[in-house]
Amino acid sequence: MRKYFAVAVLLVAASTLAVAQDTEPKNELAVTVGRTFVSDQTAPNTNFFDNTVHSGNGLSFDFLYARQLKLFKWGAVGAELPVIYNPDEDLNYGLNVIPNQYSSLFATPALRVSFARNFFISPWVSFGGGVGYFAASKDLVFFGPNTGHRIKTTGVMHGGIGFDVPFPGKLHDLQFRFEARDNWSGVPPINVDTGKTRQHNYYVGAGVVFRFW
């Protein structure tokens, strides 16, 4: 997990050393709302009915702070901290051994490269790493208490793509954002060995960005 924290430290250090040009706001706050998608996973060496762990598409939120580090003619380079919270990822399985849901939180400092900042649409890509936190329900999927381990912290690799569109007129410091992000993490504590040690947590959402000096 140390390598993920090393990435985060390097990104924070870069944000304090680099200086952006003063031609546009350097800071931004953003909030988007969307869904988290996790692939279904079949437990190996099982043959009972519905031996696949099914995941719902949990309503999720991305709260983000970013700072522009360097402005170029073709775009900009910046550091960002997306914090993606999924409060209710529903689960289903053929046996009453898994929790009925879990929540997840991913905080992943990242480097972001934006293109065509003065165009009517500005695409961007993001890459970084950080930490993830899972908390499983105290209740099992059908009935009874969950007596298994419920809490897990994991290292996370992060990648994202998206685009921003400025609001017209005097609202130019507000932008519409569409984004898709993948947090590649350890698996949550669900009491079943699916044969996997990592999973993709795909977040797709849209919202508003506020840019300020």
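None of the figures in this text is laboratory data; all of them are computed from the coordinates on show. Just so it is clear, the model here is predicted, and its values are computed rather than measured. Virtual Cβ from ideal backbone geometry, glycine too; neighbours counted across all protein chains shown.
Relative to the Cα centre, the charge distribution of the chain, modelled as +1 at Lys and Arg Cβ and -1 at Asp and Glu Cβ, gives a dipole magnitude of about 680 debye. Considering the chain, its Cα convex hull presents a mean projected area of 12.8 nm². For the chain, the number of Lys pairs with C-alpha atoms closer than 16 Å, counting only pairs eight or more positions apart or on separate chains, is 4. Each peptide in 41-48, 150-157 receives the mean, over its residues, of other Cβ atoms within 10 Å, and ordering these scores from highest gives 150-157, 41-48.
Using mean Cβ contacts within 10 Å as the protection proxy, how do 193-204, 50-61 order, highest first?
Working: 193-204: 15.6, 50-61: 17.6.
Peptide ranking by packing, descending: 50-61, 193-204.
When all alpha carbon pairs of region 147-213 are counted in 5 Å bins from zero, the resulting P(r) reads 4, 14, 16, 15, 12, 11, 9, 8, 6, 4, 1, 0 %.
When the charge dipole of the chain is built from unit charges on Cβ atoms (+1 for Lys and Arg, -1 for Asp and Glu) and taken about the Cα centre, the candidate among N118, L171, T108 whose Cα reaches farthest toward its positive end is N118.
Using the Cβ of N100 as centre and a radius below 9 Å, the other residues enclosed give a net charge of -2, where K and R count +1 and D and E count -1.
Among G160, N57, F142, which residue has its Cα furthest toward the positive end of the charge dipole of the chain, with +1 on Lys/Arg Cβ and -1 on Asp/Glu Cβ? Final value for the positive-end residue is G160.
For region 98-191, the relative contact order is 30 percent, taking Cα pairs closer than 8 Å that sit 6 or more residues apart in sequence and dividing their mean separation by the residue count.
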